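Structure first, commentary second.
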Ligand SMILES: Cc1cc2nc3c(=O)[nH]c(=O)nc-3n(C[C@H](O)[C@H](O)[C@H](O)COP(=O)(O)O)c2cc1C
């Protein structure tokens, strides 16, 4: 088989001037900067950031990467209320749920958080109070600062696509179902990120290997990125073979040297097998995958109340999850991570991770008889 071009050069690498068709999603800006400087594309997760923090981080990134492209990922789930305060939502949480959480705290001796710390955090950040109003304030910073790429997590970005395009901003839409991909394609999204259930963080119910080719066919000619479970070069080659123009990855970077991930989270990730990650809804009301904790067992028990809708479930769980993290209660230490955990056993520089994947992908194509 003869091919006339390097298979790692795709419309993604061409449009953004990349060395590799690899996108790294992460909440750590050092990783994003390193990936951008090493020939990939970095996307910073803004879920936990207030608008002024987004502005600070965009300036920080631009100082390190110059005018190389990068993206911001903002949660715009349609299922959250238009507006509201923590107090409004807390009042909607049934007593049964507070009692269940208190029982976990008592039985497993998870210490209360420091009251002053909680008050300071609440004064500064609304990270667990998901509303459309909050998403809009985050989006306004992205648009004002002309960030080249907006990545829309969990909701259809149709309402903002014309505005982004009028500012020269490209829109990537994350989806977990073929019908969501069709909807976003009709709304003229620029890239579709087909996120399989194998991946870390919020994800739909379909495996990456099944989702990606269906999405590629459904949204042609919109380019598709394969996400969920990718952590080696053979998968990069497979993603391209499925019709994707690149891979969108998250879990792998938690094991990069530059990442500021908590040491316990990293230790659990490195030790986890693929079957040690689990996908469920107790953390914030939407399905997400993480390394298994004691919380999973307790929310699966028959004593557990029904999981609440957003944002109530996240508000219910936030302080207990944070308390377990701050007191380093390992059994309850919560951290997003996907099935790729079973393939990740060591910490490496981000640059080397990308280089190793690209090398292995090329070896894969060669093994298959592709001659350049
Ligand atoms: C620690 C972690 C946090 C995540 N947080 C978000 C998020 O805030 N927004 C989002 O769109 N995706 C989030 N994701 C999902 C990623 O965007 C990506 O789709 C996923 O990691 C791909 O699968 P992989 O983990 O197998 O590489 C997160 C993933 C991880 C591992």
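A short reminder: the numbers here are calculations on the coordinates, not readings from a lab. For clarity, every value in this text was computed on a predicted model and none was experimentally measured. Every residue, glycine among them, receives a Cβ derived from its backbone with ideal geometry; neighbour counts consider all protein chains shown.
Things worth noting here:
- Counting all C-alpha pairs of region 96-255, share separated by more than 26 Å (%): 43 percent
- Residues 347, 224, ranked from the fewest to the most other C-beta atoms within 10 Å, line up as 347, 224.
- Principal-axis tilt of helix 350-367 within the chain, Cα atoms, nearest 10 degrees: 50 degrees
- Our helix-only sum for the chain, with -39,500 (n - 2.57) per DSSP H run of n ≥ 4 divided by its residues, gives a mean residue ellipticity at 222 nm of -12500 deg cm²/dmol.
- Relative to the dominant Cα principal axis of the chain, helix 95-107 is inclined by about 90°.
- Projected label distance in nm at residue 90 and residue 37, using a 7 Å step from Cα toward the beta-carbon: 4.3 nm
- Exposure proxy order (Cβ contacts within 10 Å, fewest to most) of 202, 185, 165: 165, 185, 202
- Residues 76, 264, 23, sorted so that the one with the fewest Cβ neighbours within 10 Å comes first: 264, 76, 23
- Spacing of the two label points (7 Å from each Cα toward its C-beta) at residue 188 and residue 11, in nm: 1.6 nm
- Zone residues, region 270-305, relative to residue 346, backbone N less than 18 Å from point 7 Å out along Cα-to-Cβ: 270-272
- Annotation: peptides 93-99, 175-181, ranked by per-residue average of other Cβ atoms within 10 Å with the highest first, follow the order 175-181, 93-99.
- Cut-off 18 Å, label 7 Å out along Cα→Cβ of residue 234, residues of region 267-286 by amide N: 273-275
- Order by protection proxy (mean Cβ within 10 Å, highest first), peptides 145-152, 26-33: 26-33, 145-152
- Here, region 30-93 yields an orientationally averaged convex hull projection of 5.7 nm² when only Cα atoms define the hull.
- Model label sites at residue 274 and residue 124, defined 7 Å from Cα along the beta-carbon direction, differ in position by 4.0 nm.
- Alpha-carbon Debye profile of region 10-137, log10 I(q)/I(0) at 0.19 Å⁻¹: -1.08
- Treating each Cα of region 230-283 as an identical point scatterer and summing with the Debye formula, the log10 of I(q)/I(0) at q = 0.13, 0.15, 0.26 Å⁻¹ comes to -0.45, -0.59, -1.06.
- Segment residue 78..residue 56, full-extension length gain: 5.2 nm, with 0.36 nm per residue of separation and the alpha-carbon distance subtracted.
- Whether region 187-266 is rounded, prolate or oblate, judged on the alpha carbon gyration tensor where a/c under 1.5 counts as rounded: prolate
- Helix 51-65 vs. the chain, principal-axis angle (Cα, 0 to 90°, nearest 10): 30 degrees
- For the chain, convex hull volume per residue from C-alpha positions, Å³: 133 Å³
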